[in-house]
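Working notes for the structure below.
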Amino acid sequence: MKSKLDLNGNEINIFYSLLNGDPLGLFFQNKIDVTQTANIIESLNHKYEVPIKGLFYLYTVYYQVDSGSYTTDAGGKYFLEKIFKYNNGEKVFNSESRRLVFTNYYEQKYNTLKSKIDNYVS
């Protein structure tokens, strides 16, 4: 894969970590708590030498793309619509945060996690 993509070794490792772990999904499913989720992301931050806020953003985008593909507006079956905020049948995108907006419950969970991530010093 590395020969087909213009990525360095660390970028390939980050790519694999996105594909092989889903801390946000586990967090949203209440399988791990906010501290465990932040600790996972923080440990990956040190492992891959990526600023923690940047890594958190990558995990957010990856989670939203992955989970968003299971919604009816993306051609899937009705399954994870409860996660995303919709307006006129389309997911709402916040250009300031550069991500899709979650429904109130998940947005509150996400913001609690984001606050914890923002308080890490990397």
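The values are calculated or read from the model by the stated rules, or taken from the named source; none is laboratory data. Every value quoted in this text rests on a predicted model; they were computed, and no experiment measured them. Glycine also receives a Cβ, built like all others from the backbone with ideal geometry; neighbour counts cover every protein chain displayed.
Scanning for something small (Gly, Ala, Ser), more than 18 Å from Gly25 (Cα to Cα) and over 12 Å from the mean Cα position of the chain (by Cα), does segment 81-94 turn up at least one residue?
yes
Scan segment 92-116 residue by residue and report those that are hydrophobic (A, V, I, L, M, F, W, C) and either closer than 17 Å to Asn39 by Cβ or at pLDDT below 95 (or both). Explain how you work it out, then say what you get.
Keep residues of segment 92-116 that are hydrophobic (A, V, I, L, M, F, W, C), which gives 92-93, 100-102, 113.
Passing the criteria: only Leu113.
Give me the residue from segment 85-107 that is surrounded by 12 or more Cβ atoms within 10 Å (Cβ to Cβ) and touching a helix residue (DSSP H, G or I) at 6+ places or on another chain (Cβ under 7 Å) and, out of that set, farthest from Pro23 (Cα to Cα).
Filtering segment 85-107 for residues that are surrounded by 12 or more Cβ atoms within 10 Å (Cβ to Cβ) and touching a helix residue (DSSP H, G or I) at 6+ places or on another chain (Cβ under 7 Å), the one farthest from Pro23 (Cα to Cα) comes out as Lys91.
Which one is farthest from the chain's Cα centre (by Cα) among residues in segment 108-122 that are hydrophobic (A, V, I, L, M, F, W, C) and surrounded by 12 or more Cβ atoms within 10 Å (Cβ to Cβ)?
Ile117
Output the residues belonging to segment 1-26 that are among the small types (Gly, Ala, Ser), surrounded by 13 or more Cβ atoms within 10 Å (Cβ to Cβ) and part of a loop (DSSP other than H, G, I, E, B).
Once the filter is applied, which keeps residues that are among the small types (Gly, Ala, Ser), surrounded by 13 or more Cβ atoms within 10 Å (Cβ to Cβ) and part of a loop (DSSP other than H, G, I, E, B), segment 1-26 yields only Gly21.
Sort out which residues of segment 5-54 are of a type in the set (Val, Ile, Thr) and more than 17 Å from Ser115 (Cα to Cα), and write them in order of number. Write out each step before concluding.
Of the residues in segment 5-54, the ones of a type in the set (Val, Ile, Thr) are 12, 14, 32, 34-35, 37, 40-41, 50, 52.
Ile12, Ile14, Val50 - these are the residues of segment 5-54 that are of a type in the set (Val, Ile, Thr) and more than 17 Å from Ser115 (Cα to Cα).
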